[in-house]
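Structure first, then comments.
The values are calculated or read from the model by the stated rules, or taken from the named source; none is laboratory data. As the structure is a computational prediction, the values presented were derived from the model and not from experiment. Using ideal geometry, Cβ is built from the backbone for each residue, glycine included, and neighbour counts are taken over all protein chains shown. In case anyone asks, the SASA skips ligands and DNA or RNA and just uses the protein heavy atoms, side chains included. Shrake-Rupley method; radii C 1.70, N 1.55, O 1.52, S 1.80 Å.
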Amino acid sequence: PGHVIICILVIGMGMGLSITGYSILENFKPQVMPFPDGDRHVSVVGFNNTNNQRMTIDGYTFQTLQSSVQSYSAFGARRDVLATLSDGDVAEQFNGSRISPELVQALDVTPLLGRGLLPQDGIPDADPVAVISYDVWQNYYIADDNIIGTHSRINGELYTVVGVMPEGFAYPFRHDLWMPLQLPTNLQPGDGPSLSVGGVLSQSATMDSASTEINALLTRIGEAFPDTYAGYSGRLQPFATMFSADSPTVEFVIEVVPLLLTFALVLLVSLNVANLILVRTNERIQEFAICSSLGASRWRLIKSILMDSFLVCLLGSLLGVLLADVGMAIVDASFQDMSRGELPFWMAFDWKLPIAVTAFFAMLVIWLSSVALAYWQVSRLDLAEVLAAGKTGSTGSKNPLGTSVLVSTEMVFSCFLLVLGGVLVGVAKDVAELDYGTTTEGYLAGRINLATENYADTEAREAYRENLKLELLQQPGIERVSFSTALTSEYGARVPYNLEDQDLFVNDQYPFQYLIYVAPDYFQTMDLALTAGRNFDTGDTANSLPVAIIEQLLAEQMWPNESPLGKRIEILPGTPESEWLTVVGVVPHIIQSMAMDGGLDRRSLYRPLTQSTGRAFSIAVNTNGDPAAFTQTVRETANQVDRDIPITNIRLLTELIEQANAPMVFSANMFLTLALVTLVLAATGIYALVSRSVFQRSKESGIRRAVGSSNEGILWVFMRPGFKYLGLGLLLGGGSAALLTNVIDSIIPGSIIWLPSIFISVALGLGLLIFLSTYTPARLLVAMEPGDTLRDE
């Protein structure tokens, strides 16, 4: 029973982990859209040939492409927007898309109610209409059967609801509302909003031919208007993909790594089970000899091994499927949490037929490979000699090279994964306890987007913020309120910059910095005192001197041993939007990114919100009690200020930070799981090797004792190979993990601090495992009298 349980667990854990890992990576491959010609949906990506950076596709470029392309059965564009519905007591915000009706019609999906978008809806100045999702209809409109034809307030304007899409429809990614894209017909080069462009390839076109056509058209536009589109080029990529078409390395990883990982894990499991079954076969050698002497054919003996191993592999595979199902549920929940529930609708972590087929063939591989060694072992034995040798003897080589290679490989894998997994777990612990530079406890965070036309100018947006702040401060328990385009752990906008007293233009480009707009009292609200200069104040307006506050790290980098106050920084140099900022203050370092992205020492540049043209920003609300208890208060207060502007994604600031670092925690848990499973595989491999070695070397033990060897000396003979494997594992596997840890440390400083303690812990843990795995069976052998082992010679 113990042997059977170990085999089933080894197969189950190995297969469960390999299927789960394969399923995760399968979701990152380009997917086939669940619509007609689902494999022919593509996106157009614009590039700049001079620096291979992405270029936006504006309205003029889209209209030029639309009038010229020949490779598409449907071609259109979209602009994703936040759609605020304010028909009820409280406004709610959803993911919306202003989209070409042709793209929606190409999906050939019949609305549940009403109609879809029509080409005439996209004509400029056509009556505003909208199509809503099933979830919006069910939850926001309470499944109103008379919804078609009613008027709905969307971003403060009236739209006629003309359709409800069927349940589950969320094209293009995770959208709930669709409005027709309307573009003026007389756009000039550089005009129009930034758009996402794509379509459905015609049956006569291929990805390569259509990509060549797009590239030729964009190149022609770039040559015709070099001042606006210099170096313009383009290409296509599958629509449902998580990675850009310009990343062949990532494409290789996504295509090849799942297969390699699956093959490696199945191979390790197969060899482990083969070793275990071989041990079991050795234990039954005398039984086989007796059966043979009573007339059993060799094929009947092999069939016995086949049936036993098949049942074990089948039960192990069923366990692996169950473990993979649980693993996929955990992975799906983790990804949904990391993405705030905004994963593309076509990215679903569930079972697919190819994965089930892969699992079936993996079971066959494990079964056949496990039987192969046992068959080879039995077929080369002289069963008459075995029968004469009695229960204490057997023939065969004392340490097969194949088994030694297997255990060495497993030890290298184990050391690598255990060391790396331990370091990542330690890093995740550090991240959870990281000092981000500001107070993080006791705050609610939320997101606001002033998307309506009422807030087209800076004064109106500032008036909204002041009104909301005053209303919130009147609520009992709310002590401080402030605003920023990026709260702690969130990213600022990446902008190029230059200095007045230094020329930073190197290799045809300027360095980049991260720009964040904050309210005048933001730093005080976050309990952060300036180290030099002043805070922003009410005098810093859109019409006053452009000013900035920089981080201490940035000040030391730009002007070492000098005061940065009064210095000038140019942002967006060489562009029409170029602007000179005067430094008026210095603030301590704040971490404005997730920790695993190398942002622990990322410098940021702060500007007053009153000098921003953006409409989206975050709010931080400090309370004197449990911040979560004020969620409804904040939501209702915002509704009183403007019912068309909701505060979305309201949650604790600490939760915001946790989510920013969720990928690090998830990666650490995955590596730890992989390391532990590999450890189990290594343990079973060592057990199989030692048990087999003890069985085959019983007479050698008797001879050594007969000629005077001590018990300790004989024990060391059996234990020494295990420690050789450990040394090899620590050298190759642990050394590789140490090198990779150095790379991680360049991204997340401080990671390498965990390496010595983790390395020593792994060495001691595996050393103890080897000791227990070798000492126990060897001690039983030494306890036997020499005469018992030599009596049958």
>> Sort F505, F239, F28, F723 by heavy-atom solvent-accessible area, probe 1.4 angstrom, most to least.
In response: F505, F723, F28, F239
> At a Förster radius of 56 Å, what calculated FRET efficiency corresponds to the Cβ-Cβ distance of E479 and E500, to the nearest 0.05?
Replying inline: 0.90
> Can you list the trypsin sites (Lys or Arg not before Pro) in the stretch 484-582 that are in a DSSP coil and have 15 or fewer other beta carbons within 10 angstrom?
Replying inline: R534
>> Let me make sure I get this right: for the stretch 44-101, a, b and c are the square roots of the gyration tensor eigenvalues over alpha carbons, sorted descending. Under 1.5 in a/c it's rounded, otherwise prolate if a/b > b/c, else oblate. Which is it?
In response: oblate
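Just flag the chymotrypsin sites (Phe, Trp or Tyr not before Pro) in the stretch 52-130 sitting in loop per DSSP whose Cβ has no more than 11 other Cβ atoms within 10 Å. Write out the running numbers ahead of the final one.
Numbers: sites: Y60, F62, Y72, F75, F94; in loops: none.
Hits after loop and neighbour filter: nothing returned.
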>> If you build the convex hull over the alpha carbons only and average its shadow over all orientations, what do you get for the stretch 706-765? Give it in nm² to one decimal.
In response: 4.8
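Of C291, C313, which has the most accessible area with a 1.4 Å probe, and how do the rest follow in descending order?
Sorted descending by solvent-accessible area, the residues read C291, C313.
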> Once you charge only the Cβ atoms, +1 for Lys and Arg and -1 for Asp and Glu, what is the size of the charge dipole of the stretch 54-100 about its Cα centre, to the nearest 20 debye?
Replying inline: 360
> Given labels modelled 7 Å from the Cα in the Cβ direction, how far is it in nm from H151 to N624?
Replying inline: 4.6
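Work out how much length L322 to D127 would gain on full extension: take 0.36 nm times their residue separation and subtract the Cα-Cα distance, in nm to one decimal.
64.8 nm
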>> Give me log10 I(q)/I(0) at q = 0.09, 0.11, 0.17 Å⁻¹ for the stretch 1-114, Debye formula, one equal scatterer per alpha-carbon, no solvent.
In response: -0.52, -0.69, -1.10
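For L764 and A348 in one chain, what is 0.36 nm times their gap in residues minus the Cα-Cα distance, to one decimal in nm? Please report the intermediate quantities before stating the final value.
On the way: separation 416, 0.36 × 416 = 149.76 nm, distance 4.11 nm.
That pair, L764 and A348, stretches by 145.6 nm at full extension.
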> Quick one: length gained pulling E223 to E562 fully straight, 0.36 nm per residue minus the C-alpha distance?
Replying inline: 117.4 nm
> L322: accessible area at probe 1.4 Å, nearest 10 Å²?
Replying inline: 110
> Once you sort the root eigenvalues of the Cα gyration tensor of the stretch 80-181 as a ≥ b ≥ c, which label holds: rounded (a/c under 1.5), prolate (a/b larger than b/c) or oblate (the other case)?
Replying inline: rounded
>> Once you place label points 7 Å from the Cα toward the Cβ at Q524 and S709, how far apart are they in nm?
In response: 8.3
> Roughly speaking, what % of Cα-Cα pairs in the stretch 484-577 are separated by over 15 Å, rounded to a whole number?
Replying inline: 68
>> Viscosity 1.567 mPa s, temperature 4 °C: give me the Stokes-Einstein translational D for the stretch 401-536 in µm²/s, with Rh taken as the Kirkwood radius over C-alpha pairs.
In response: 64
> So, in nm, how far is label L368 from label D135 when the simple model puts each one 7 Å beyond its Cα toward the Cβ?
Replying inline: 4.5
>> Students sometimes get this wrong: rank T56, T633 by accessible area, probe 1.4 Å, all chains present, largest first.
In response: T56, T633
